[in-house]
Amino acid sequence: MTQRVELAIVMDRLAVDEMITEYAVAVDDGDWEAYRKLFAPDGRADYRSAGGIEGNAEQIAGWLAESMKLFPMRQHLIVNRRIRFGAMDQHTDDTARVQADYVNPMRFATDDKSDGDASTAPDFVCGGRYAFGLLRTHGGWRLTEVVVEEKWRRLPERRPEAVVN
């Protein structure tokens, strides 16, 4: 492999990794216009394993905009990214696959102002694995597929009822 090919592979890896980070930031910030722009024209996402829907980027962005109102605080942590280019990782075409694990702490929306400082702490956490498909376009790498495989979730513990004497 020549230095030029090796450099191209490194540059593609960085660009693909940046797309995954942009995905997390768009969802966490509720920037649904940025979310839509991450996808190729025929890109799709599947959130059914997490109780969501499957559809094109426009449908998913609309669904996320509504459902994420329940969680004003969210912070994706996407780790263990495994990036593969083309067929058999030979980097022979303009496609990439990424498999990555995630942990996503979130905070339920509340009108209760009596929580004090605790109101910013996450009370709902889920984790699982993403499968991303990407395509190199004239505008750079774009998502063709996002599949969420939620593996676990931790819901808020019930607070004990006050003891009345």
*Largest to smallest accessible area among 67, 49 [probe 1.4 Å]*: 49, 67
*asked:* For the chain, what are Rg and Dmax over the alpha carbons, in angstrom?
replied: 18.9, 79
_List the residues, sorted by chain then number, that are 5 or more residues from residue 144 or on another chain and whose placed amide H is less than 5 Å from its amide H._
40, 133, 134, 135
_FRET efficiency, residue 65 to residue 93 (Cβ-Cβ, R0 35 Å, nearest 0.05)_ = 0.55
_Signed unit charges on C-beta, dipole axis of the chain, positive-most listed residue 110, 73, 95_ = 95
*Counting Lys and Arg as +1 and Asp and Glu as -1, each charge on the Cβ, what is the dipole of the chain about the Cα centre in debye, to the nearest 20?*
340 debye
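Given the stretch 1-91, report the % of alpha carbon pairs whose separation exceeds 17 Å.
59 percent
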_Per-residue [θ]222 nm for the chain (sum of -39500 (n - 2.57) over DSSP H runs n ≥ 4, rounded to 500)_ = -8500 deg cm²/dmol
*Nearest 0.05, what FRET efficiency do residue 37 and residue 149 give at R0 = 35 Å with Cβ-Cβ as r?*
0.90
*Projected onto the charge dipole of the chain (+1 at Lys/Arg Cβ, -1 at Asp/Glu Cβ, origin at the Cα centre), which of 85, 55, 23 gives the Cα projection farthest towards the positive end?*
85
*Length added when fully stretched, residue 80-residue 111, from 0.36 nm per residue minus Cα-Cα*: 7.5 nm
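The values are calculated or read from the model by the stated rules, or taken from the named source; none is laboratory data. Quantities reported herein were computed from a predicted structural model and do not represent experimental measurements. Positions of Cβ are backbone-derived with ideal geometry, glycine not excepted, and every protein chain shown enters the neighbour counts. Heads up: the accessible areas ignore ligands, DNA and RNA and are worked out on the full protein's heavy atoms, side chains in. Shrake-Rupley method; radii C 1.70, N 1.55, O 1.52, S 1.80 Å.
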